[in-house]
Amino acid sequence: MCPDVRVLRLFVVLLCSFVLNSPPALAQSIDLPSLGDAGSEELPPATERKLGEQIMFEVRRDPDYLSDTETSEYLNNLGYQLVAVSSSRSLDFVFFAIRDPMLNAFALPGGFIGVHTGLILAAQSESELAGVMAHEVGHVTQRHIARMLAKQRESAALALGALLLALLAARAGGSSSGDVAQAAIVGTQAALIQQQLNFSREAEREADRVGFQTLTEAGFDSRGMEAFFGRLQTGSRLYESAAPAYLRTHPMTVERISDMQNRTRNLRVKQRPDSLGFQLIRARLRVLQETTTQGWRDSLEYFNGQLKNQTTSSEIAARYGIAVAALKLNQPELAVQAAQAARRLSGAPSPVLDKVVAEARLIAARSDEERATAVQLASDNAIRFPLSSLATSHYLDVLNQTNQHEAAIQFLRNQEAIARTQPAYHALLGRSYAALNRRSLQHQSIGEMYALLGAPQAAVNQLELARRANDGDFYTMSEIDARMRDLQAEVKRNQEGIREAARREPDDRSRR
Ligand SMILES: [Zn+2]
């Protein structure tokens, strides 16, 4: 028996014992779906998505997962410009950022695509960033992960098993050894997954080819991909220390580079100016990538330096950067001044700039009247950009901060930017119900959030609390009962899937 199989057995045994005997908090993250029949060529899309959701459930708790509405709105807007012309328009993609200076981007099972902040800052144009993202979209549309998981069922299970064991070890020690140890181990999880999901050289070349097509069809500068990968390859001084992560997961072979060069050689170059959004998000991430006061001071100084010799659009970005850094440094007056200057320079409404103006003015407000003005600005922004989840969630934050919880619930139910199928919708609803001390509705909402995050056991626990609180009306309480039955059935199905996997494992061994 090779060591791999032993580890797999350990993984399955641990999985079973944890799922069946552990407290729900531990079990919730590890009810992985069964990886399907051994005979099939690729993982069914629904199973792959479920797997991806469960990995994302952990990734979202990673301290380096960047939970920032500006960044995710920008990345998803850019990503969907690519998805719109790709071959899988119907697939649900989710683009997210990891706070990490290393240059890297990766695709997880199910269309979840992560981009490191370091890569966004290192891209010299929006087309370069789009080029890297188009390559990752290519891995998803060509179903590389699904095929790999199906082909190497055992090593995929191993990879996920190693990840989950690390998580469990971290969490088991979490209460006594404190958050630091947990953060250190959990912080590597996204990196761990992406290392396990190494694609073959053919897959890399195919993702390049498909990605290039997507990039040009979406109207980006076709040289974006080649320029960026080329710089990574030659390892210019700027990236020397930061580049290896991407190169490890995406080995840059001579063939890949020359393929790229051949593709662009005969193409008419299409210049594409960077969007204001690209400049703003880079300014924002320069601040958010820092986690210390000194780091924020340094970025403030950087933007002040940028102000001197720049074009209008980079002056807007620099002033926006000053506003973001000033908010971090708790200097609301400076933030208001810089934010309003950026907004004036841009000349047109922008969800990002209008938000930072309202945000800074609310913090700087010294009277009820000033506070009311800031609330009004946030409301105007949400009404002007009804499909911006940034503007919408900011207005909801403002309503929450000013104790207008009934208004927040009303607004949330009628807005269109955050769909009911998104976990955030139910999290926001739960927050308002909690503030109003309506316990059954609060736990019902949080339960719905967990269900959408792929954690049915955690959802069941919340519904249990909702039942116990028993302060909802008849309609609410029967809704909770019905939902509880569905989710319990789902938990049971998952557990049976795991038992099935454990039972099948000895057969796998006998085939060797
Ligand atoms: Zn790749």
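The values are calculated or read from the model by the stated rules, or taken from the named source; none is laboratory data. In this text, all values refer to a predicted model and were calculated from it rather than measured experimentally. Don't worry about glycine lacking a Cβ; one is built from the backbone with ideal geometry, like all the others, and counts go over all protein chains shown.
Couple of notes before you dig in:
- Residue identified as within 16 Å of the ligand (Cβ to nearest atom) and at pLDDT 80 or above among 260, 252: 260
- The number of residues in the stretch 180-204 that are modelled with pLDDT under 70, in a loop (DSSP other than H, G, I, E, B), in contact with a helix residue (DSSP H, G or I) (Cβ under 8 Å, 6 or more places away or on another chain) and buried (at least 17 other Cβ atoms within 10 Å of the Cβ) comes to 1.
- Residue match in the stretch 205-224 (condition: within 17 Å of residue 144 (Cβ to Cβ), among the small types (Gly, Ala, Ser), within 16 Å of the ligand (Cβ to nearest atom) and modelled with pLDDT of 80 or more): yes
- Selection status of residue 80, more than 16 Å from the ligand (Cβ to nearest atom), free of Cβ contacts under 8 Å to residues at least 24 places away in the same chain and assigned to a helix (DSSP H, G or I): yes
- Positions within the stretch 429-475 being closer than 23 Å to residue 397 by Cα and not in a helix (DSSP H, G or I), in sequence order: 436, 437, 438, 453
- Scanning the stretch 90-117 for residues that are crowded, with 24+ Cβ neighbours inside 10 Å and more than 15 Å from the chain's Cα centre (by Cα) gives a single hit, 103.
- Taken together, 468, 493 contain a single residue that is free of Cβ contacts under 8 Å to residues at least 24 places away in the same chain and within 19 Å of residue 57 (Cβ to Cβ), which is 493.
- Checked against (1) touching a residue at least 60 places away in the same chain (Cβ under 8 Å); (2) among the β-branched types (Val, Ile, Thr); (3) within 16 Å of the ligand (Cβ to nearest atom), residue 115 meets all criteria but (1).
- Applying the condition of being under 31 Å from the mean Cα position of the chain (by Cα) and β-branched (Val, Ile, Thr) to the stretch 475-495 and asking which residue is surrounded by the most Cβ atoms within 10 Å (Cβ to Cβ) yields 480.
- Just one of the listed residues (146, 172, 159) is modelled with pLDDT under 85, surrounded by fewer than 17 Cβ atoms within 10 Å (Cβ to Cβ) and not polar (S, T, N, Q), and it is 172.
- Among residues of the stretch 342-388, those that are over 14 Å from residue 70 (Cβ atoms) and assigned to a loop (DSSP other than H, G, I, E, B), counted: 8
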